[in-house]
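Beneath this line is the structure, given in structure tokens, with notes to follow.
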Amino acid sequence: MPAVSKGDGMRGLAVFISDIRNCKSKEAEIKRINKELANIRSKFKGDKALDGYSKKKYVCKLLFIFLLGHDIDFGHMEAVNLLSSNKYTEKQIGYLFISVLVNSNSELIRLINNAIKNDLSSRNPTFMCLALHCIANVGSREMAEAFAGEIPRILVAGDTMDSVKQSAALCLLRLYKASPDLVLMGEWTSRVVHLLNDQHMGVVTAAISLITCLSSKNPDEFKTCVSLAVSRLSRVCVRIVSSASTDLQDYTYYFVPAPWLSCKLLRLLQCYPPPEDGAVKGRLVECLETILNKAQEPPKSKKVQHSNAKNAILFEAISLIIHYDSEPNLLVRACNQLGQFLQHRETNLRYLALESMCTLASSEFSHEAVKTHIETVINALKTERDVSVRQRAADLLYAMCDRSNAKQIVAEMLSYLETADYSIREEMVLKVAILAEKYAVDYSWYVDTILNLIRIAGDYVSEEVWYRVIQIVINRDDVQGYAAKTVFEALQAPACHENMVKVGGYILGEFGNLIAGDPRSSPLVQFNLLHSKFHLCSVPTRALLLSAYIKFINLFPETKATIQEVLRSDSQIRNSDVELQQRAVEYLKLSSIASTDVLVRTGDFETGLLRQFGRVGTGIEPWSPSTPSPSADLLGLRSAAPVSGAAPSAGSLLVDVFSEAGPAASSAGVNDDGFLSSAPPSAASEDPAPPLPESDELLNKFVCKNNGVLFENQLLQIGIKSEYRQNLGRMYLFYGNKTSVQFVSFSTTVSCPGELQSHILQLLFTKTVEPLVEGGAQVQQVINIECLTDFIDAPLLNIKFRYGGALQNISLKLPVTINKFFQPTEMAAADFFQRWKQLSQPQQEAQKIFKASHGMDTEVLKAKLLGLGTALLENVDPNPENYVCAGVIQTKAQQVGCLLRLEPNAQAQVRTREHTLHTHTHTHKCTCIHTHTNVHAYTHTESVCPSLCCSHCITHCCLCLSVCCCKSSLASR
């Protein structure tokens, strides 16, 4: 850069600045500025031409005034005129004024572009640098259009000076960020990449910034830069201080060689996957290991600049290691190095270490290594003074969480949440909710966690969180009783959050019957507890509670009068809020005239299937593992609106909850056996087709499950969702049209073959289906089931419809088997064997020995035993290899107990022995067990059915064993 001559001091500018600084008030400053502006304007408009020095001085004064915060609306042309000067100082001031004051849409841009072109072609490096700086500072689209093709040529030209190359690279980077569509490298790509081999470190540093930006958008075009970057990084990092490394002497910063260059090289490599070339990858791994090794060395200086430069390279190297995620050794070393920073005295280092470990936790190679620092991270969450560091600690706990430490981490986050900063509470709540759901092995723990979350930070629990806990409780039979009990206890607190009231209102409204057997949580106690919160809640919560009240009427008829009195009060039916008033009036009327089907679902979520069973609830039910119920749309087809059908029969136990209001069913749809058919008379009169050959196999799949796809072909898909309680059941059938063509004359009929008459098993359609099923649509039908006494055969479902004019007639066996009415029974070892010995008469025992078709899996065997409906008794049989079960089959006529023993034997055959109170034949049951086991089991079983109604074996058992309704001892090989 040329030296400034002695006369370029611009004394007038110095005097003006001194006057401004000496002003005693704002008014004096404005007065002095206005005076100077008037003087400058008169000079620019005067007849006498100004020389370059005067223009430069006055333009500098205008620039100073603008920087003081005053508007400048003249002098732009004089600044443009300075660009044509051959003096560096005048040209410099002109470019400076334009860079600061000229708008990218100014009319002067074309004149400025012409001056810039002249300077770029002058080959004067000083003038070229000034022009490039101006282009980068203005960065308008018009400038990009004018110079996007010229600047790359300057950048790669062999005769361009190093300082100009640096400016050209940074200028091109600015234009690319502003207008990427105009900066097309094309033929210059390879030559730009080879700038990484330039001898001048400044050129390399500037070129890396440009290449990194270009690579992020067009990685394939610049992939050749990887090997060059690794080579350059190796020369910087794996160097030995000697005379051969003199190129780094001017770029060593506090004993750290070229820290900015190293960081940029490492960042460039993060744009690409690990190198495929073994030699290149080896050199890169060597560089990374060297960086990690240097981090362990004692510092060469105590100055903070040294540690900052050294750590900057280290963190960038760790980011590259995490990006590659392919070197387990490096990942673990990086994690250990970051672990040392977790307790460093520098807050910034602790923050960066936590942030980097969050990313490391997602790698399968380093996840376990990250988990070793859990106590340190928890301590940081509790004791850090900086809220941003505490937030990163919470993020790391969230990232390192898995099934092994979920309970500990969630507990610590809940504990911290009580004193957490308000700025991060909402995020913490969301993290706890996600972790609790994602890693919940025991869903009672999940319910406890969410309720604690609401208690601690209810204001920050969004609707999505408490919606989700309700959905999970609804779809998990094994947690419904516990959830009802827990939320009932939570509501007893003197002050509980409104979100807790919402959850309590919904869960008690749906599952309050499961705890109604306890006098401390009787129906009236539950209602009074909820209603005590009513007047403290907002309108939406009151509306939800009113919905819960109408559910209570359905669950507990004894509360009907009390709830109707509440609904009838002036505070409800004359409420100032229209929504509450309308609900009160409508619910009051519904409680008087509506049938059970209207009241069976009153919430916003999918509820359980048999809420009316609450009338016979006997308290909190014991837990039994069960599979989560899938959503109603089993078929995955387009949802269809529920089909309104015939009114339910008043004589049905399932339907006639309010006997005084239940409408009688039309007799037109009742067939000769007393079953309701959805078929029109003409269709029902046709003979149903015989069951499909695969009906037994399809039926077997549902012995141990209640939900799934029963049948599927190229036209039709039939899904089932069912639920049973005591001797009652309800089955939802979903018919899905898989074609794009209508099904016409669609009808369904249920019949009971052989001895399966209405006095044994009673089935009733509560809704008919429409005769037309649109293409891609799904329709739903509901069957209420009542088991009157024991049975063997399964009912038949016949579906008829016309597709393309051709009649389709399909008959299937409905998966209604005697084990669906099992109630698990817990027994002590002494009681079990005492009862077993009592049932020793020949008619109370059956056994069979047969071979297993497949190998035995303990967990699968246990799951299927539980799926049968019995209780699996642990530590009862002296032989730990044996399995012992107990249960009671619930029918309307009687309750029949059943004891079962499965005795696996690796050398012998399997023996099944059954003892029962019922005197029906055991032979049929054991034959069913044997047959079913050979088809589907992992063991062969011999079953002895000891305390059950022996006349019904669970005929379709998809287990590795079969179970009779009697005392069963099963030995399997």
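Each residue of the stretch 119-125 was assigned a 3J(HN,Hα) from its phi angle through the Karplus curve 6.51 cos²θ - 1.76 cosθ + 1.60 (θ = phi - 60°); the sequence is 5, 5, 8, 6, 6, 7, x Hz, with glycine and proline shown as x. Taking H as built 1.01 Å from N, whose amide H comes closer than 5 Å to the amide H of GLN823, not counting residues under 5 places away? Sorted by chain and number, the residues that satisfy this are VAL888, ILE889, GLN890.
Overall, the accessible surface of the stretch 401-592 at a probe of 1.4 angstrom is composed of carbon and sulfur to the extent of 51 percent. Summing +1 for each Lys or Arg and -1 for each Asp or Glu among the other residues whose beta-carbon sits under 14 angstrom from that of PRO815 gives +1. Modelled spin-label separation between THR789 and SER592, with each label point placed 7 Å from Cα along the Cα-to-Cβ direction: 4.4 nm. Karplus-derived 3J(HN,Hα) values for the stretch 215-228, using 6.51 cos²θ - 1.76 cosθ + 1.60 with θ = phi - 60°, are 5, 5, 9, 10, x, 5, 5, 10, 5, 5, 6, 4, 5, 5 Hz; glycine and proline are entered as x. Expressed as a whole percent, the accessible area of the stretch 694-816 that falls on carbon and sulfur atoms is 47 (1.4 Å probe).
In this rough spin-label picture, where each label sits 7 Å from Cα along the Cβ direction, the LYS738-THR347 distance is 6.4 nm.
Could you list the trypsin sites (Lys or Arg not before Pro) in the stretch 34-76 that lie in coil according to DSSP, counting only those with at most 10 other Cβ atoms within 10 Å of their Cβ? Don't skip to the answer; put the middle values down first.
Details: sites: LYS35, ARG41, LYS43, LYS45, LYS48, LYS55, LYS56, LYS57, LYS61; in loops: LYS48.
Hits after loop and neighbour filter: LYS48.
Of the GluC sites (Glu not before Pro) found in the stretch 90-163, those in coil by DSSP whose Cβ has at most 10 other Cβ atoms within 10 Å are GLU107. Taking each residue as 0.36 nm, the span from GLU770 to ASN809 lengthens on full extension beyond its C-alpha to C-alpha distance by 12.3 nm.
The H on the amide N of GLU845, modeled in the peptide plane, is under 5 Å from the matching H of THR916, each at least 5 residues off or on a different chain. If R0 equals 41 Å, the separation of the Cβ atoms of THR383 and GLN305 corresponds to a calculated FRET efficiency of about 0.90. Between GLU874 and TYR254, the FRET efficiency estimated from the beta carbon spacing at R0 = 56 angstrom works out to 0.25.
Extension gain GLN340-GLU463, at 0.36 nm per residue separation less the Cα-Cα distance, in nm? Spell out each step's value before the answer.
Values: separation 123, 0.36 × 123 = 44.28 nm, distance 4.05 nm.
The GLN340-GLU463 span can extend by a further 40.2 nm.
Pairs exceeding a 29 Å alpha-carbon distance, out of LYS217/LYS281; LYS45/LYS165; LYS165/LYS302; LYS820/LYS862; LYS551/LYS800: LYS45/LYS165; LYS165/LYS302; LYS551/LYS800. Converting phi to 3J(HN,Hα) with the Karplus coefficients 6.51, -1.76 and 1.60 and the offset θ = phi - 60°, the stretch 337-351 yields 5, 5, x, 5, 7, 4, 10, 6, 6, 7, 4, 4, 5, 5, 4 Hz in sequence order, with x at every glycine or proline.
Under the combined filter of DSSP loop state and at most 15 neighbouring Cβ atoms within 10 Å, the stretch 382-486 retains these GluC sites (Glu not before Pro): GLU418.
Based on the Cβ-Cβ distance from THR224 to ASN118, what FRET efficiency comes out when R0 is 35 Å, to the nearest 0.05? The calculated FRET efficiency here is 0.45. Can you work out the PRE-style zone for ALA863? Point 7 Å along Cα to Cβ, and I want the residues of the stretch 692-720 with backbone N under 16 Å. The answer is 701-708, whose backbone nitrogens lie closer than 16 Å to the label point. Accessible surface for the stretch 401-592, divided over its residues, is 41 Å² per residue with a 1.4 Å probe. Cα centroids of the stretch 779-793 and the stretch 67-120: 90 Å apart.
The gain in end-to-end length when the GLU150 to LEU692 segment is fully stretched comes to 187.2 nm, 0.36 nm per residue minus the alpha carbon separation. Spacing of the modelled spin labels on GLU142 and GLN714, each 7 Å from Cα toward Cβ, amounts to 6.8 nm.
The values are calculated or read from the model by the stated rules, or taken from the named source; none is laboratory data. Treat the numbers as computed from the prediction; the structure is a model and nothing was measured. As a convention, Cβ positions derive from the backbone with ideal geometry for all residues, glycine included, and neighbour counts pool all protein chains shown. Ligands, DNA and RNA are excluded from the accessible area calculation, which covers all protein heavy atoms including side chains. Shrake-Rupley method; radii C 1.70, N 1.55, O 1.52, S 1.80 Å.
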